[in-house]
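The values are calculated or read from the model by the stated rules, or taken from the named source; none is laboratory data. All values reported here derive from a predicted model rather than from experimental measurement. Please note: Cβ atoms are built from the backbone with ideal geometry, for glycine as well, and neighbour counts cover all protein chains shown.
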Amino acid sequence: MSVIPITPLVPPAPVEVNGDTPTLRLFALLEVIAAKDQYFSLQSLADETAVPKPTLHRMLQQLETAQLLERSAEGRHYGTGVRLRRLAENLLMNDTAHGARHAVLRRLVAEVGESVNLTALSGSEVIYLDRLETPAPLRFYLHPGSRVPVHCSASGKVFLGQMTVGQRQRLLAHTSLEAYTPKTLTEPEALEAEIRKVKRQGFALDNEEFLPGLLCVAVAVPSRAGRSNLCVAVQAPMMRLTTDKALALLPALQRAAAAISRIESDATPAPLASQVTPPDGPDAA
């Protein structure tokens, strides 16, 4: 009888939280936390980073006091705080790549003749990072910084489609599926079926689900990380943009999304190899 050799599992190396000063070590810890898509416990973070629990606990307290982190309702898990999310949103809206992305949107408006948006996911909402209006006289006025619900916006459904079922359930469990119009999907089962459809087809429609008379089509900006947190969308009144016309705009949307993806890739340095060093001593933080 042949014997199948068993290779022992090698535990992953701890993620490094290093820095020459306590402030830089806090920043390094924030980088680790910002990469997470769900709440985490003190123990899980200690296991991941190999930072002593007393030191890590003090670091988390400092970040929570600064509103960079927040605790879950039961108090035993942590997640990104409002202040940290606002910082990320401001960076996206005002970073050095903003002008290049804006130029792509300007070309897209000229090509499709309708208003266009660049959006990102922020908690259970979609935030408009940039928007250019159509010159047509009839339009819906929205502006950069505007927020729309994740469950009844085209971009929101694209973002939900990139999550696992468990990630979607965690997010939507704390989201009010409010009916903004008679067409808003408010039943979890119906919304899940719609999201699965979006995931298969690679785009999403908002067919009067947020505002009566408004149709929107959105696609994700491709990301080398796999999951994208940017979408490009076209919006217009339904008297001018039917579903069939919206689908005909998909190639233009996808070209714009690819152009923005190239801008993001050029602006983002390749990740460095991890070099984690736990803080020296229990009072290092």
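Residue-by-condition table, conditions (1) out of contact with any helix residue (DSSP H, G or I) (no Cβ under 6 Å at 6 or more places or on another chain); (2) among the hydrophobic types (A, V, I, L, M, F, W, C):
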position: Leu29; (1), (2): no, yes
position: Val32; (1), (2): yes, yes
position: Ser41; (1), (2): yes, no
position: Ala50; (1), (2): yes, yes
position: Met59; (1), (2): no, yes
position: Gln62; (1), (2): yes, no
position: Leu68; (1), (2): no, yes
Q. When you scan region 155-187, how many residues do you find that are assigned to a loop (DSSP other than H, G, I, E, B) and aliphatic (A, V, I, L, M)?
A. 4
Q | Of all residues in region 112-154 being among the charged types (D, E, K, R) and under 21 Å from Leu177 (Cα atoms), the one that is farthest from the chain's Cα centre (by Cα) | A | Arg147
**Q.** Pairs where the first residue, in region 193-220, is more than 17 Å from Pro149 (Cα to Cα) and the second is surrounded by 15 or more Cβ atoms within 10 Å (Cβ to Cβ) and acidic (Asp, Glu), C-beta under 8 Å, 6+ apart
**A.** none
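Residue under question is Gln235, and the condition is that it be in the same structural domain as Ser153 (by TED's automatic domain parsing), among the polar types (S, T, N, Q), assigned to a strand (DSSP E or B) and surrounded by 13 or more Cβ atoms within 10 Å (Cβ to Cβ); does it hold? Walk me through it before giving the result.
Numbers: in the same structural domain as Ser153 (by TED's automatic domain parsing): yes; among the polar types (S, T, N, Q): yes; assigned to a strand (DSSP E or B): yes; surrounded by 13 or more Cβ atoms within 10 Å (Cβ to Cβ): yes.
Considered against the rule, which asks whether it is in the same structural domain as Ser153 (by TED's automatic domain parsing), among the polar types (S, T, N, Q), assigned to a strand (DSSP E or B) and surrounded by 13 or more Cβ atoms within 10 Å (Cβ to Cβ), Gln235 comes out as yes.
Residue-by-condition table, conditions (1) assigned by TED's automatic domain parsing to the domain that holds Ala120; (2) modelled with pLDDT under 95; (3) touching a Ser or Thr at 6+ places or on another chain (Cβ under 7 Å); (4) crowded, with 22+ Cβ neighbours inside 10 Å:
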site: Gly213; (1), (2), (3), (4): yes, yes, no, no
site: Ala220; (1), (2), (3), (4): yes, no, yes, yes
site: Arg224; (1), (2), (3), (4): yes, yes, yes, no
site: Asn229; (1), (2), (3), (4): yes, yes, no, no
site: Leu250; (1), (2), (3), (4): yes, no, no, no
site: Leu253; (1), (2), (3), (4): yes, no, no, yes
Q.
It is to be established whether one or more residues within region 134-147 are in the same structural domain as Met239 (by TED's automatic domain parsing), buried (at least 18 other Cβ atoms within 10 Å of the Cβ) and aliphatic (A, V, I, L, M).
A. no
Q) Among the residues of region 83-104, which ones are modelled with pLDDT of 70 or more and within 18 Å of Ala258 (Cα to Cα)? A) Ala97, His98, Gly99, Ala100, Arg101, His102, Ala103, Val104
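Would you check if Leu26 is aliphatic (A, V, I, L, M), touching a residue at least 40 places away in the same chain (Cβ under 8 Å), more than 26 Å from Val165 (Cβ to Cβ) and crowded, with 17+ Cβ neighbours inside 10 Å?
On the way: aliphatic (A, V, I, L, M): yes; touching a residue at least 40 places away in the same chain (Cβ under 8 Å): yes; more than 26 Å from Val165 (Cβ to Cβ): yes; crowded, with 17+ Cβ neighbours inside 10 Å: yes.
In short, yes.
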